[in-house]
């Protein structure tokens, strides 16, 4: 059996750990740069705050109802997530699925003890971290997702739902709309509706051949099997956190109109992305850059453009990557617009020590590697400042950075910075 | 054409970690300590029992000074422990954090300060009370205060 553990309203819950008096009160967390609402407490949901709603739209409601607003504090959320995963490892092999979700293998637990174990997981995370979670238990990942959803939506389950018998699974399938199945997108759902397939039960009633034809081939057939309780996806328990691409994108605190300032921003984001790249011992062969105006602004002329540059030789050198990022930026930059956001995405990775050089390569790769290693070591030792910026950085990133994020309501990094730990008057 | 085997000159999976003993080898009397090379002591290991449930908190005030917790000390709080009579806890009382000793008298629960200047506080059922975590260590700086006290 597989358990899916999902933290409820994770970012809001993290804030409440250190401000427990906010339990039971409406709270929201904003995206980077205080743009949109990305996490809502149940009380905020009940008041009608929508997921992804821009702050300025929700402002009247927030003020009227006295909803507490936080800027995003990803250092805190990241650390709390790491702790959750560490706790889950006490219970079985873990596949970390996202910052607030993980699968745990419960094959070693006898059937009669499953519910007790699921409750223990939930209580342990509650006791150790004050984070509320829901647990769904089922023989397959797809059904574990469904079970978790049941636990979340139905208070009577008290946070734990099991789909451990064929009877329970069949009953659930009859009420499960295809658009709510993990892995079925909106477009596929519309297609299925055209064939009178509305629920998971309708779907498994069709033959495997029918599903193969109408639902993405072998992927669809596996999904059908998983819904029937036959595991097709194993847990990915590798500790390897190597990513396939690394993105660093942010909104600016104010509009940027000049190429100079955009270059600073892009250089800063490239620096951050390159650091992560070296952190996983990869080198990138492609770099994408995008810029865009404020899509929420009604009057302003809109412009967004992206470009991807293929490097002749895969690189993890910040300086080199900045050069290519700028080259891309100059291609897409248009004068006369007010830019609100930019981003850099690195992709096409190869392991750092297997980079294919080419004949015309004039860069001293060994020297660059040593320089980067020294830079990373120094920055790691000196720590980052409040903006998660390095002590030693490229001048290309700009010195003043007055376009950087506004995080006007950010809570302290309680668990990762000595100067910001919880302070209590006794 | 068919690929029969692939060869990678620098395969990651074949790397073997080898411990480097950095002591010098003099040509003479061998170092009797060489066989006793050991790891160094880690303070974290001593202070933090369960890292995933441990938090550091800075306190201010003198209500716990007889228990050795002074103004501006840092306390180590373990949330995995269930608080029992006699434990010093970080608790939430009526929406405010405090650090006190848990003290049961029969069924009655008190929060006991460790300073005669302060009163015993009884926790009654209508009060909003929850233990946030158990205090397991206090870090008290003796030398080189960089804070203005």
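Give the residue, chosen from B:81, B:109, that is away from chain A (no Cβ under 12 Å) and either crowded, with 17+ Cβ neighbours inside 10 Å or farther than 19 Å from residue A:414 by Cβ (or both).
Criteria check complete, one pass: B:109.
Among the residues of the range A:280-306, those that are under 26 Å from residue A:354 (Cα atoms) and touching a helix residue (DSSP H, G or I) at 6+ places or on another chain (Cβ under 8 Å) comprise A:281, A:282, A:283, A:284, A:287, A:288, A:289.
Here B:44, B:87, B:66 are screened, and the one residue that is more than 10 Å from every other protein chain (Cβ to nearest Cβ) and under 13 Å from the mean Cα position of the chain (by Cα) is B:44. When A:205, A:260 are screened for being surrounded by fewer than 16 Cβ atoms within 10 Å (Cβ to Cβ), under 30 Å from residue A:33 (Cβ atoms) and free of Cβ contacts under 8 Å to residues at least 40 places away in the same chain, only A:260 passes. Is it the case that some residue within the range A:256-279 is touching a strand residue (DSSP E or B) at 6+ places or on another chain (Cβ under 6 Å), assigned by the TED database to the domain that holds residue A:331 and in a strand (DSSP E or B)? Yes.
Checking the stated criteria, residue B:116 turns out not to satisfy the condition of being more than 20 Å from residue A:425 (Cβ to Cβ), away from every other protein chain (no Cβ under 14 Å) and not in a strand (DSSP E or B). The residue that is surrounded by the fewest Cβ atoms within 10 Å (Cβ to Cβ), counting only those in the range A:364-393 that are in contact with a helix residue (DSSP H, G or I) (Cβ under 9 Å, 6 or more places away or on another chain) and modelled with pLDDT of 70 or more, is A:373.
The residues in the range A:19-31 that are crowded, with 22+ Cβ neighbours inside 10 Å and within 14 Å of another protein chain (Cβ to nearest Cβ) can be counted, and the count is 0.
The values are calculated or read from the model by the stated rules, or taken from the named source; none is laboratory data. Because the structure is predicted, anything quoted here is derived from the model rather than measured. Heads up, the Cβs are rebuilt from the backbone with ideal geometry, glycines too, and the neighbour counts pull from every protein chain shown.
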